[in-house]
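The values are calculated or read from the model by the stated rules, or taken from the named source; none is laboratory data. Because the structure is predicted, anything quoted here is derived from the model rather than measured. Ideal geometry is used to build each Cβ from the backbone, glycine not excepted, and the neighbour counts take in all protein chains shown.
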Amino acid sequence: MSAQTVVVDAPTGRGVVQAKIAWRGPVLYLAIALLALVVFALGTPSDATTTFMVASPNDVVTIAPFAVPSQTTALLLATLALVLAAWAAWATSRRLDVPVWLPITFGGLVLLAFLVWVMAGNVNALPLTILLAGALTLSVPLVFGALAGLLCERSGIVNIAIEGQLLGGAFLAVVVGSVTGNAYAGMIAAPLAGALVGWVLVTFAVRYRIDQIIVGVVLNVLVIGLTNYLFSTLLTDNPQTLNSPPRLPTLPIPGLSQIPVIGPVLCNHSLVIYLMYIAVAVLQIMVFRSRWGLRMRSVGEHPKAADTVGINVNRTRVRNTVLGGAVAGLGGAALVAAGLAFTKELTSGKGYIALAAMILGRWSPKGALAAALLFGFADSLRRVLGNLGSPIPSEFLAMLPYLATIFAVAGLVGRVRAPAAEGIPYVK
């Protein structure tokens, strides 16, 4: 079947070529909406209620927990999701663009229907504020890792070594913070470890032109082995001196931190989370609205053309990869910002999830942020539901971030195109 259709334009009488309609999105929306209707709505006991709690102790306004009828609420949410799915199908049939708000709203409706279903009849209230604040905190290392991958791959270097950069940053943050007794010293030291791993990666990729994926995997294994050895020989023997980092202090924003829901979720965190806000905003502007970003993207898309206009391709790649490694190292510091001691393989695959967040976010800082928040929410949901005695085994919920990773890498979430020259060594 042809991927294109020729139609006659009435005013001119000429043939106009139209692309084949892509039905994958609307079909997926309809399938999920029907699943929500059958499982979350019709599968909920008619006499059950679900209780939500949105207040926190420091809020300026007190909001009492409230209960809603589970089946009626889930049915309403699933029906609204089904309406949005039908509207997306109608818009697709008319070749209209589906607005950005639709998938966001659709996902929110299905998620709320799931929460109503899973907490139906539970004597405990679902703490939405804790759930959302936990999602943000757990997503911070993923955001920094995704930004690191973006900086590298936009300049043409495939950064599989995000896992090693996160782990190295966490290790150095713990050791320096423990020795100095200053959490901020550990946070400052962490990017050095990530930058070192990035420098090794780009050296082998640019100077020796070794396959970048192989180098990245080897570096991950090297950092895991090295940190495991140092943990077993040094940190275990001197835990009070080398493996007892102080906690980064919480810095509530005056006034804003006491606003219900918004305050505890966004404005009552440590410095590393505020740095994440700044990093996403700055990189979104720099990558797409600055001369530096234009040069970086040109090196990743068409290095020969960039070289022709006087851009030093390999120098740009080296600088951006080292910078990306430093950003990932800061993500490692975020892993231990709560004063956690270092353990073997502390990252537990978060570097690969960050890589998937970068792909899912289409090599964009704000897209990477949204994808990382999705993965962080899945992890936070697993923890909260596990503590509240959810009927769903926590092992199934723990699989959600990794399943999303597989879907993102496989491209099942939509067609994504990587920078054209990524992974290809440039020889002048």
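With respect to T50, determine if the residue is under 33 Å from the mean Cα position of the chain (by Cα), modelled with pLDDT of 90 or more and either on the phi < 0 side of the Ramachandran plot or outside the structural domain of L115 (by TED's automatic domain parsing) (or both).
Details: under 33 Å from the mean Cα position of the chain (by Cα): yes; modelled with pLDDT of 90 or more: yes; either on the phi < 0 side of the Ramachandran plot or outside the structural domain of L115 (by TED's automatic domain parsing) (or both): yes.
It is true that T50 is under 33 Å from the mean Cα position of the chain (by Cα), modelled with pLDDT of 90 or more and either on the phi < 0 side of the Ramachandran plot or outside the structural domain of L115 (by TED's automatic domain parsing) (or both).
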Self-check item: Members of region 253-309 found to be closer than 23 Å to A334 by Cα, touching a Cys at 6+ places or on another chain (Cβ under 8 Å) and in contact (Cβ under 8 Å) with a residue 24 or more places away in the chain, listed by number
Solution: S257
Quiz item: Would you call S93 among the polar types (S, T, N, Q) and crowded, with 19+ Cβ neighbours inside 10 Å?
Solution: no
Exercise. Take region 153-195 and flag every residue that is closer than 27 Å to I214 by Cα and of a type outside the set (A, V, I, L, M, F, W, C).
Key: E153, R154, S155, G156, N159, E163, G164, Q165, G168, G169, P191, G194
Practice problem: Would you please list the contacts, defined by Cβ atoms under 6 Å and residues six or more apart or on different chains, that run from a residue in region 65-82 that is in the same structural domain as I104 (by TED's automatic domain parsing) and buried (at least 16 other Cβ atoms within 10 Å of the Cβ) to a residue that is modelled with pLDDT under 95 and in a loop (DSSP other than H, G, I, E, B)? | Solution: S70/T44; S70/A48; S70/A120; Q71/T44; Q71/S46; A74/T44
Exercise. Can you tell me which residue within region 151-166, out of those that are outside any loop (DSSP other than H, G, I, E, B) and of a type outside the set (S, T, N, Q), is surrounded by the most Cβ atoms within 10 Å (Cβ to Cβ)?
Key: I162
Quiz item: Looking at region 188-224, which of its residues are touching a residue at least 60 places away in the same chain (Cβ under 8 Å), outside any helix (DSSP H, G or I) and in contact with a helix residue (DSSP H, G or I) (Cβ under 7 Å, 6 or more places away or on another chain)?
Solution: none
Quiz item: If we scan region 254-269, do we find a residue that is assigned to a strand (DSSP E or B), within 30 Å of N58 (Cα to Cα), out of contact with any strand residue (DSSP E or B) (no Cβ under 6 Å at 6 or more places or on another chain) and at pLDDT below 95?
Solution: yes
